[in-house]
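Below: one structure, written as structure tokens.
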Amino acid sequence: MKIAIIGTGYVGLTTGTCLADLGHQVTCVDHGQEKVEKLNRGESPIFEPGLEELIVKNKTAGRLSFTTTIEPAVKAAEVIFICVNTPPKPDGHADLKYVETVAREIAENINSEYKVIVDKSTVPVKTAEKVKETILRYVKSDAQFDVVSNPEFLREGTAVKDTLEPDRIVIGVDSEKAMEKMLAVYQPLIEKTQAPVKIVSVKSAELIKHGANTFLANKISFANLIAETCEEVGADALEVLAAIGLDERIGNQFLSPGIGFGGSCFPKDIAAYKKTLEILGIDNSLVVAIEKINQRSTERFLHKVERELWVLDGKTIGILGLAFKPNTDDIRNAPALKIIAGLKAEGAKIKAYDPQAMANTKKMITDIEYANDPYQVAQGSEALIICTEWDEFKNLDLVKIKELMVTPIIFDGRNIFDPAAVKELGFKYFGVGR
Ligand code: NAD
Ligand code: UGA
């Protein structure tokens, strides 16, 4: 099948590449010239395990191409995926200007052949209606098309695996014809993985996505609330949450307390859902509480550092991990950045290292020192703060780290170390909820 992907970021690039790998003919469009040039050289513009190899494989096989020109891609495609970014507006609602632009560009380029236009970007409920209205407003020919919602559930760091082995495929359609096309797109994957397919209404599909992200964020904030309670009463949040999670109705995933959730999605998606509730006149205090607890998780952690080190002015603090989670170079809304800002505001000197996210961070923060490895971070530091749970940090030679530090203090924002073992080595150790 001929497929066009508009917006070649984390979602568009992974989706396009995986659909090509399943045998489709895919053209990925992005208005970022530099990004497209990189992709045409066979280089991935993002760090995502397994992605670059798959890009090269499918490009070489002639199934995957990249361009900045939307017109031929849209004209040739049977199915067009909208995968552009949907950032938050100042009031928290999703800014849909990029979706609107693409809808308009599609309208200007579609012909009388039937097309399915798929919204894969995360959007508030009823956006597909607006996309349809926009296309109808700007379309020149008597174009035949349907607008479908096909939300994406991939996680950064495991994007390829999540796409090729999905928990479910959600297809929101209002027409039989569009449903058949969408099933044809996913048929190779359905045959391979037996992934459950949920065919639902367009509005339901849109809500499934905001609902899923809000629920996951809710689990994390719940874990952080338990961690806060444990710190007050002297219990161990990891013990408490492990036992709570053993209940099959609850499950043990997404119950790790820490310095809060970040990334390009949870913060913006729950803010957008909160706004949707407000517009609909539905009480949104559950979402407000999720956000409050998340913010408090970072703030409480910073207070812990300040309480222990007292005056931060002039002290060198080592930061291990900048990415918002491991196995990605993405620093959008990374809790590490909030921690760094808080420490800098008190006059601390920051030395930081991340296995993949330093290039992106250097573009944003120029007044901190970047180290080549965790040991260089430890050298001369008065405390080490773990902000991202990279495997590389779990296997550090802590004896060497201790020798290099001015004072052996670890603030473990991701609970990667065993407190007893670290204390045994002579460190002062502060985790989250323990
Ligand atoms: P991104 O910022 O990485 O990529 C978006 C791309 O769209 C950019 O490369 C940008 O240049 C391009 N773009 C914007 N307007 C364009 C236009 N008019 N023509 C061509 N290209 C254009 O964003 P992302 O992380 O891939 O997210 C995309 C959407 O998917 C968002 O709605 C997000 O919420 C959702 N989502 C993201 C993830 C994730 O893990 N990142 C997972 C599920 C869903
Ligand atoms: C999340 C969802 O997991 C995906 O299903 C969804 O498709 C995506 O958002 C999206 O809509 O964009 P992602 O943001 O890539 O994926 O990463 P997660 O693994 O969900 O982690 C998000 C944040 O929560 C990270 O900062 C992580 O450190 C934090 N987290 C996660 C915790 O603090 N505790 C946990 O138990 C789990």
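The values are calculated or read from the model by the stated rules, or taken from the named source; none is laboratory data. For clarity, every value in this text was computed on a predicted model and none was experimentally measured. Here the Cβ positions follow ideal geometry from the backbone for every residue, glycine too, while neighbour counts run over all protein chains shown.
Points to keep in mind about this one:
- Among residues of region 35-52 that are touching a residue at least 40 places away in the same chain (Cβ under 8 Å) and closer than 24 Å to Glu165 by Cβ, those with a Cβ under 8 angstrom from a residue that is in a loop (DSSP other than H, G, I, E, B) and charged (D, E, K, R), sequence gap 6+ or separate chain, pair up as Ile46/Asp329; Ile46/Asp330; Phe47/Asp329; Glu48/Glu156.
- The sole residue among Ala73, Ala94, Ala77 that is within 27 Å of Pro267 (Cβ to Cβ) and touching a residue at least 40 places away in the same chain (Cβ under 8 Å) is Ala94.
- Residues in region 9-59 that are in a helix (DSSP H, G or I), over 21 Å from Thr86 (Cβ atoms) and among the small types (Gly, Ala, Ser): 1 in all.
- Flag for Glu105 being part of a helix (DSSP H, G or I) and within 12 Å of ligand 1 (Cβ to nearest atom): yes
- The number of residues in region 380-427 that are among the aromatic types (Phe, Trp, Tyr) and within 16 Å of ligand 2 (Cβ to nearest atom) comes to 3.
- Lone qualifier among Gly347, Gly314, Gly318, Gly342 - being buried (at least 23 other Cβ atoms within 10 Å of the Cβ), closer than 23 Å to Glu382 by Cα and either without any contact (Cβ under 8 Å) to a residue 24 or more places away in the chain or among the small types (Gly, Ala, Ser) (or both): Gly318
- Pick from region 130-176, criterion more than 23 Å from Glu108 (Cβ to Cβ) and assigned to a helix (DSSP H, G or I), ranking: farthest from ligand 2 (Cβ to nearest atom): Glu176
- If the condition is being under 22 Å from the mean Cα position of the chain (by Cα) and of a type in the set (A, V, I, L, M, F, W, C), then region 76-101 contributes Phe81, Ile82, Cys83, Val84, Ala94, Leu96, Val99.
- Screening Lys338, Lys325, Lys394, Lys362 for residues that are more than 26 Å from Leu154 (Cα to Cα) and either among the basic types (Lys, Arg) or modelled with pLDDT under 95 (or both) leaves exactly one candidate, Lys362.
- Among the conditions (1) surrounded by fewer than 20 Cβ atoms within 10 Å (Cβ to Cβ); (2) assigned to a loop (DSSP other than H, G, I, E, B); (3) touching a Lys or Arg at 6+ places or on another chain (Cβ under 8 Å); (4) not hydroxyl-bearing (Ser, Thr, Tyr), the only one that Glu100 does not satisfy is (2).
Table: residues versus (1) more than 16 Å from ligand 1 (Cβ to nearest atom); (2) surrounded by fewer than 20 Cβ atoms within 10 Å (Cβ to Cβ).
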position	(1), (2)
Phe47	no, yes
Val56	yes, yes
Gly62	yes, yes
Val74	no, no
Asn85	no, yes
